[in-house]
Structure formats: C-alpha cells, structure tokens
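The block underneath contains the structure these notes are about, expressed in structure tokens.
The values are calculated or read from the model by the stated rules, or taken from the named source; none is laboratory data. Since this is a predicted model, take the numbers as computed values, not measurements. Cβ placement follows ideal geometry from the backbone for every residue including glycine, while neighbour counts extend to all protein chains displayed. Ligands, DNA and RNA are excluded from the accessible area calculation, which covers all protein heavy atoms including side chains. Shrake-Rupley method; radii C 1.70, N 1.55, O 1.52, S 1.80 Å.
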Amino acid sequence: MPEKALVIIPTYNERENVPRIVPAVLSQDPSLEVLIVDDGSPDGTGQVADEMAAADPRIHVVHRTGKLGLGTAYIMGFKWALARDYAFIFEMDADFSHPIERIPDFLRAIENADVVIGSRYVNGLINVVNWPMSRLILSYSANIYARSITKLPLFDATAGFKCFRRKVLESIDLDDVRSNGYAFQIEMHYRAWRKGFRIVEIPIVFVDRAQGTSKMSKKIVREGVWMVWRLRWWGLRGRV
Ligand SMILES: Nc1nc2c(ncn2[C@@H]2O[C@H](COP(=O)(O)OP(=O)(O)OP(=O)(O)O)[C@@H](O)[C@H]2O)c(=O)[nH]1
Ligand SMILES: [Mg+2]
C-alpha cells in the first residue's frame with residue numbers, strides 16, 4: 001500500500017470553487033484524499049461538500065458552527081489527519097490561488113524533506129499573478145518584516161500551500177498554536193524550524209482568486225504584526 005496523503009482545504013463561502021477544486025486535486029495522484037473544513041458557510045459550501053463526500057470515499061468533510069478562522073480550521077484538520085493513517089498532510093486554499101498541478105512535485109520533494117513550502121518569492125523573484133499592487137506590497141513587506149524579527153530562513157514565511165510530514169505535526173503542540181490569520185503560517189513554519197526539521201521551498205506561481213471573495217482583513221494583519229514578536233520571545237525563552 002502506498003503512503004496516503006491528505007489535502008486539507010478550509011472553506012468559507014467557496015461554493016463555486018469546491019466542486020471544481022476537489023476533483024482536480026484527487027486527479028493528481030492516487031495516494032491523495034481531501035478533507036474540507038467548512039465553517040458553516042452561509043452559501044451552502046458545506047452541503048455541496050457533504051454531497052461530494054457521500055459519493056467518493058476519498059473526500060471527507062468536517063463542519064464547524066461559524067467562521068472561526070483559518071488557523072483553527074487547519075488545527076482541527078491536522079488533528080483529524082493524525083487520528084488516521086496519513087503520512088503526508090497538505091494545506092491548500094480553495095480558491096485556485098495555489099497551482100494544483102504541482103502537488104506531485106511536493107510529493108517528490110517531501111521524500112527528502114520534512115516540510116515542503118510552495119514559495120512565491122524564492123531567490124527574490126516574485127511569482128504572483130493578478131494581485132493588486134497594494135496587496136503584493138503588503139505580502140512582500142510582511143515577509144521581510146517576519147524574517148527580520150524571527151530570523152526564519154525562508155523566502156515566503158506566510159506561504160499557505162505546503163506539505164508536512166506526519167512527524168512534524170505530531171511533534172508540535174497543536175493546542176499551543178496561537179495565531180489564526182496569516183500569522184498562523186509564520187507560526188507553523190517557526191515551530192517546525194525551531195524543532196530542526198528540514199524545510200524546503202519550491203517555487204510556485206500564485207494566482208489571485210477568480211471566484212468568491214477574499215477573507216483578508218485588518219485584524220489578520222494586526223495579528224501578524226505582533227505575533228512575530230511573540231514568536232521571537234518564545235524562541236529566546238526556549239518555549240518553542
Ligand atoms: N474554515 C474556514 N476557512 C476559511 C476561513 N477564512 C478563510 N478560509 C478559507 O481559507 C482559504 C484562504 O482564504 P482567502 O479568502 O483566499 O484568503 P487569502 O488567500 O488571504 O485572500 P485572497 O487574496 O482573497 O485569496 C480559502 O479556501 C478560504 O475559503 C475561516 O475562518 N474558516
Ligand atoms: Mg486566497
């Protein structure tokens with residue numbers, strides 16, 4: 001039996017995207033399964049996902065009662081995966097920003113790594129398509145800021161398309177992870193790096209969503225601004 005991989009896709013109002021993205025993911029490799037973590041989307045995404053799961057044993061869904069944030073959605077997904085026999089666990093957005101056809105490259109790279117990150121900014125290149133300049137500047141400067149404060153040796157510290165080897169998630173205290181917005185990505189990278197895991201960045205091209213709406217907010221940015229200081233503090237104290 002080949003080792004199984006789970007692609008976790010958190011959703012909030014992604015009704016147009018879910019029926020297209022899930023089959024696209026599953027077609028990349030027979031070892032793949034999908035877990036949708038839906039936060040009671042008012043547009044009925046959860047129901048659409050349930051119908052798909054009923055028709056295909058490789059599709060799974062968990063529901064939460066309201067919009068509780070991306071970070072806690074992933075934590076729930078990680079715990080779900082660790083309670084089962086998945087060897088590799090992916091994070092991926094539902095909005096086609098992440099190039100699905102690169103999943104086989106992640107599976108190849110993880111053979112010699114513990115975490116594989118799809119990076120938009122490897123070697124100073126900027127591989128982002130269709131973002132307004134303001135959003136690009138925000139993301140790029142957030143990366144420089146996060147790197148300079150935490151010393152995290154990554155080009156794309158806030159990347160959201162990645163694959164973890166199971167042991168990485170097993171070794172992180174998931175109940176201790178604090179951040180919920182895009183700081184969540186920084187925090188997971190930081191914790192994995194501090195534990196000495198092998199982190200590899202592979203270049204990807206990130207494309208802005210075509211369907212549905214963004215959940216980016218000022219609150220998410222604010223959380224990122226102070227969270228990196230907290231991580232640095234934890235690092236100094238040897239807490240993570
Ligand atoms: N379950 C759950 N999913 C969420 C939540 N917030 C965002 N998501 C999902 O997380 C993924 C990333 O969210 P996006 O809205 O694309 O956020 P973003 O990528 O920062 O913003 P965009 O620029 O619009 O792409 C998408 O699949 C969303 O549906 C949440 O609170 N709960
Ligand atoms: Mg997005």
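A few remarks follow.
- In the range 121-141, the count of residues that are in contact with a His (Cβ under 6 Å, 6 or more places away or on another chain) and either modelled with pLDDT under 95 or within 16 Å of ligand 1 (Cβ to nearest atom) (or both) is zero.
- The range 208-239: number of residues that are under 30 Å from R15 (Cβ atoms), of a type in the set (V, I, T) and open to solvent by less than 70 Å² (accessible area, probe 1.4 Å): 2
- Of the residues examined, Y86 is one that is more than 16 Å from ligand 2 (Cβ to nearest atom) and within 16 Å of R166 (Cβ to Cβ).
- Some residue of the range 48-62 being in a loop (DSSP other than H, G, I, E, B), more than 10 Å from ligand 1 (Cβ to nearest atom), in contact with a helix residue (DSSP H, G or I) (Cβ under 7 Å, 6 or more places away or on another chain) and modelled with pLDDT of 95 or more: yes
- Residue that is more than 16 Å from ligand 2 (Cβ to nearest atom), open to solvent by 10 Å² or more (accessible area, probe 1.4 Å) and within 17 Å of I202 (Cα to Cα), where the choices are R108, R120: R108
- Checking the stated criteria, L107 turns out not to satisfy the condition of being hydrophobic (A, V, I, L, M, F, W, C), under 23 Å from K218 (Cα atoms) and out of contact with any Lys or Arg (no Cβ under 6 Å at 6 or more places or on another chain).
- Search result, residues across the range 150-184 that are open to solvent by less than 10 Å² (accessible area, probe 1.4 Å), in a helix (DSSP H, G or I) and not aromatic (F, W, Y): T150, V168, L169, A183
- Of all residues in the range 123-151, those that are farther than 19 Å from F184 by Cβ have Cβ atoms under 9 Å from Cβ atoms of residues that are among the acidic types (D, E), 6 or more apart or on another chain, in V128/D208; V129/D208; N130/D208; W131/D208; P132/D208.
- Options V25, V34; residue that is touching a Lys or Arg at 6+ places or on another chain (Cβ under 9 Å) and more than 11 Å from ligand 1 (Cβ to nearest atom): V34
- Selection count, the range 74-105, where residues are outside any helix (DSSP H, G or I), away from ligand 1 (no atom under 15 Å from the Cβ) and surrounded by 15 or more Cβ atoms within 10 Å (Cβ to Cβ): 4
- Test: residue in the range 33-44 that is open to solvent by 20 Å² or more (accessible area, probe 1.4 Å) and within 17 Å of the chain's Cα centre (by Cα): yes
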